[in-house]
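What follows is one structure encoded as structure tokens, with my remarks underneath.
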Amino acid sequence: MSLPELAVQSLWFILPAYIANASPVLLKGRRPLDFGKKWGKNRILGDGKTWEGTIGGIVIGTMVGLLQIYAHNSLPASLGLAKLDFAIVFLLAAGALAGDVAGSFVKRRFSIPRGAHLPVFDQLTFLVAALLFSSVAYRPGSDMIIFLFILTPIVHWATNNVAYMLKLKSNPW
Ligand code: CTP
Ligand code: MG
């Protein structure tokens, strides 16, 4: 498989997870997922993980996946795009948010404040969980997985910088 083919097929597969991970910042959630509660001296998750963001992210990511399922028939078979189904796209979206929330849980346990940047970790927790969750329904090839581990930090960095420039986020990470 050529690199452009690998890129297109990988992006097609992971799109519900990317969309699910990127949506919460636009939703401006107010209700913290941890209800403001602490565990020990730190918040369980912190104000950066909200009900609106988490549920909204899963719903939006899944909806984009449903559009992909619908679009699959009208796209050229030569692209070799994975045939997705509801279980796959839902697990990708839910996994992305679960990984993001788990990442914040770990950060708070190490007393890393909400919004502080933990390179690589911040960019890959959602990918790892999305791949784990969806693996019960679909397992991409190892070439795709390797490609996604390289691509995701780059895409994450780029989209967060754009969100920062658009003043959607208060920091570029
Ligand atoms: N967000 C949300 N719910 C989520 C994830 C994100 O409401 N489950 C929103 C929050 O407004 C958050 C923003 O999207 O501030 C950016 O997300 P992220 O960078 O993951 O959160 P941080 O604020 O950096 O918090 P943390 O340090 O816990 O990752
Ligand atoms: Mg952050």
To the nearest 10 degrees, how steep is helix 51-71 against the longest Cα principal axis of the chain, on a 0 to 90 scale?
0 degrees
Accessible area per residue in Å² at 1.4 Å probe, computed on the chain:
55 Å²
Within the chain, longest stretch clear of exposed trypsin sites (Lys or Arg not before Pro) (DSSP loop, no more than 12 other Cβ within 10 Å)
84-166
Are any of the pairs Lys49/Lys83; Lys49/Lys169; Lys37/Lys107 more than 23 Å apart by Cα-Cα distance, and if so, which?
Lys49/Lys83
Place a +1 charge on the Cβ of each Lys and Arg in the chain and a -1 charge on the Cβ of each Asp and Glu, then give the dipole magnitude about the Cα centre in debye, rounded to the nearest 20.
960 debye
Length-normalised contact order of the chain in % [C-alpha pairs under 8 Å, at least 6 apart]:
25 percent
Among the aspartates and glutamates, which have Cα under 20 Å from the Cα of Lys28 when same-chain residues fewer than 8 positions away are ignored?
Asp47, Glu52, Asp100, Asp122
Got a number for carbon plus sulfur as a percent of segment 3-165's accessible area, 1.4 Å probe?
72 percent
Calculated FRET efficiency for the pair Leu166/Tyr70, C-beta based, R₀ 35 Å, to 0.05
0.75
Once fully extended, how much extra length lies between Met1 and Phe35, figured as 0.36 nm per residue of separation less the alpha-carbon to alpha-carbon distance?
7.5 nm
As I understand it, the value is the acute angle between the Cα axis of helix 142-165 and the longest principal axis of the Cα atoms of the chain; what does it come to in degrees, rounded to 10?
50 degrees
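The values are calculated or read from the model by the stated rules, or taken from the named source; none is laboratory data. Please read all numbers here as calculations on a predicted model, not as lab measurements. Glycine also receives a Cβ, built like all others from the backbone with ideal geometry; neighbour counts cover every protein chain displayed. Note: accessible area is taken over every heavy atom of the protein model, side chains too, but ligands, DNA and RNA are not part of it. Shrake-Rupley method; radii C 1.70, N 1.55, O 1.52, S 1.80 Å.
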